[in-house]
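Presented below is the structure to which this report refers.
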Amino acid sequence: MMQEHFYNPNEFWGDWILPSTPRNDTAYTGKDYWRGSIWAPMNFLVYWGMRNYDLPQARQDLVQKSKDLLLKEWNDYAYVREN
């Protein structure tokens, strides 16, 4: 399931993760709030959910990608956007 969905760049994987809607879904726009935007609280909830399963690499990858996204905003603009 992780390879099929989480690590699939056509769905959730990419430079910035996790989009609120899979990229290959017809509802995905990439910009609308719940049609593709990335939300730090959602990443946090997914991380907490992953703790219930033996997915240490996926958790680590999610943490690193989330950290990269937040720090890029902080380093570039000295703030963090909500999405």
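Taking (1) surrounded by 15 or more Cβ atoms within 10 Å (Cβ to Cβ); (2) assigned to a helix (DSSP H, G or I) in turn, residue 64 satisfies each apart from (1).
Pairs only if they're at least six apart or on different chains, beta carbon under 9 angstrom, first in region 1-21 and of a type in the set (Ser, Thr, Tyr), second surrounded by 14 or more Cβ atoms within 10 Å (Cβ to Cβ) and not in a loop (DSSP other than H, G, I, E, B); list them, first residue then second. Listed by first residue and then by second, the contacts come to 7/58; 7/61; 20/38; 20/42.
Would region 31-49 turn up any residue that is polar (S, T, N, Q) and loosely packed, with under 14 Cβ neighbours inside 10 Å?
No, the conditions are met nowhere in region 31-49.
Set side by side, the residues 30, 36 differ, and just one is part of a loop (DSSP other than H, G, I, E, B), within 17 Å of residue 5 (Cα to Cα) and modelled with pLDDT under 95, which is 36. Return yes or no: is residue 28 of a type outside the set (D, E, K, R) and surrounded by 11 or more Cβ atoms within 10 Å (Cβ to Cβ)? Answer is yes for this residue.
The values are calculated or read from the model by the stated rules, or taken from the named source; none is laboratory data. No experiment lies behind these values; they were computed from the predicted model shown. Note: ideal-geometry Cβ built from the backbone for every residue, glycine included; neighbour counts use all protein chains shown.
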